[in-house]
Amino acid sequence: MSSSSAAQPTALYGGQGDRRVTVRDIAAAKQRHEKWPMLTAYDALTARVFDEAGIPVLLVGDSAAMVVYGYDSTIPVTVDDLVPLAAAVVRGSRRAMVVADLPFGSYQADVPGALAAATRFLKESGVQAVKVEGGRRILPQVEAMVAAGIPVMAHLGLTPQSVNVFGGYRVQGRGQAGEELMADAKALEAAGAFSVVLECVPEELAARVTDSLSIPTIGIGAGDHTDAQVLVWQDMAGLTPRTAKFVKKYADLRTVLGDAARAYAEEVVGGVFPAPEHAYH
């Protein structure tokens with residue numbers, strides 16, 4: 001292999017290697033104008049599937065409140081709820097960077113609280129970064145976490161932890177609110193965030209933010225001009241009954257699992273399963 005080919009950077013999506021993706025890899029992909037995917041994960045088995053599929057970043061989202069614990073919003077989930085899920089995702093993956101959401105109430109009040117919550121995730125679950133929602137109002141927390149050696153992914157636009165303030169899950173960043181979001185994004189970059197999620201914002205605004213930042217933007221319902229995209233895996237795979245407009249379903253696992261459960265049940269009721277080959281003698 002020539003020295004020039006050996007120096008070629010490893011692509012984020014589908015790349016191989018014996019180490020995890022880092023914030024430096026994420027930054028380098030932005031410089032190469034390389035788009036990449038991110039998915040949520042909440043357990044070891046699906047984390048392994050996504051990791052082997054080449055997904056470079058896995059998010060242990062507070063969306064676990066709905067898809068794992070059955071709540072109707074992200075508000076009730078706690079650090080104690082998410083740390084074991086994050087640990088499972090870390091154990092189930094080898095290459096992907098694993099990012100954990102800091103849940104509602106764990107970081108908004110003050111810097112010590114934010115540092116304590118983020119530290120628990122890094123020490124107890126082994127994640128490589130945390131994600132927080134909000135703009136300039138949480139700059140002290142972001143700065144303190146980065147200074148303490150904790151990589152921070154930011155989240156702007158429709159921030160689900162603030163759903164009660166927004167009055168529902170609505171598009172954010174129209175009109176003057178777009179200028180406020182732009183100011184928040186630049187402030188978060190200056191505070192040391194290594195990337196920023198843009199959720200449910202007009203695609204024109206997402207494009208402007210992406211062009212104005214040196215850190216990557218990750219879109220979810222923000223059009224195709226962001227540096228990366230993220231989806232909740234159950235939405236992406238068709239397991240969730242109802243999804244937002246921005247979701248594309250790449251499979252129909254709800255039907256597949258339902259059919260499998262019914263086939264199994266009918267064989268049990270009919271005395272077909274277990275067959276002799278499934279028994280020990």
### Message
Can you find a residue that is closer than 23 Å to Leu45 by Cα, among the hydrophobic types (A, V, I, L, M, F, W, C) and open to solvent by 30 Å² or more (accessible area, probe 1.4 Å) anywhere in the stretch 93-109?
### Response
no
### Task
Could you tell me whether Thr243 is under 28 Å from Asp72 (Cβ atoms) and in contact with a Lys or Arg (Cβ under 8 Å, 6 or more places away or on another chain)?
yes
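Going through the stretch 76-86 one residue at a time, which ones are over 15 Å from the mean Cα position of the chain (by Cα) and open to solvent by less than 10 Å² (accessible area, probe 1.4 Å)?
Within the stretch 76-86, just Val77 meets the criteria.
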## Note on the structure
Filtering the stretch 121-134 for residues that are touching a residue at least 40 places away in the same chain (Cβ under 8 Å), buried (at least 22 other Cβ atoms within 10 Å of the Cβ) and outside any helix (DSSP H, G or I) leaves a count of 3
### Task
Taking Val49 as meeting all but one of (1) open to solvent by 50 Å² or more (accessible area, probe 1.4 Å); (2) within 26 Å of Gln161 (Cα to Cα); (3) in contact with a helix residue (DSSP H, G or I) (Cβ under 9 Å, 6 or more places away or on another chain), write down the number of the exception.
(2)
### Query
Looking at Asp211, Asp235, which one is surrounded by fewer than 18 Cβ atoms within 10 Å (Cβ to Cβ) and assigned to a helix (DSSP H, G or I)?
Asp211
### Query
When the stretch 145-194 is examined, which residues are found to be under 16 Å from Leu102 (Cα atoms), in a helix (DSSP H, G or I), open to solvent by 10 Å² or more (accessible area, probe 1.4 Å) and at pLDDT 95 or above?
Val146
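Kindly evaluate Arg32 against the criterion of being basic (Lys, Arg), closer than 23 Å to Phe194 by Cα and open to solvent by less than 40 Å² (accessible area, probe 1.4 Å). Give the derivation first.
Numbers: basic (Lys, Arg): yes; closer than 23 Å to Phe194 by Cα: yes; open to solvent by less than 40 Å² (accessible area, probe 1.4 Å): no.
Spelling it out, it is not the case that Arg32 is basic (Lys, Arg), closer than 23 Å to Phe194 by Cα and open to solvent by less than 40 Å² (accessible area, probe 1.4 Å).
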### Query
Within the stretch 216-227, is there a residue that is in a helix (DSSP H, G or I), of a type in the set (A, V, I, L, M), open to solvent by less than 40 Å² (accessible area, probe 1.4 Å) and touching a residue at least 60 places away in the same chain (Cβ under 8 Å)?
no
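The values are calculated or read from the model by the stated rules, or taken from the named source; none is laboratory data. Because the structure is predicted, anything quoted here is derived from the model rather than measured. Positions of Cβ are backbone-derived with ideal geometry, glycine not excepted, and every protein chain shown enters the neighbour counts. Ligands, DNA and RNA are excluded from the accessible area calculation, which covers all protein heavy atoms including side chains. Shrake-Rupley method; radii C 1.70, N 1.55, O 1.52, S 1.80 Å.
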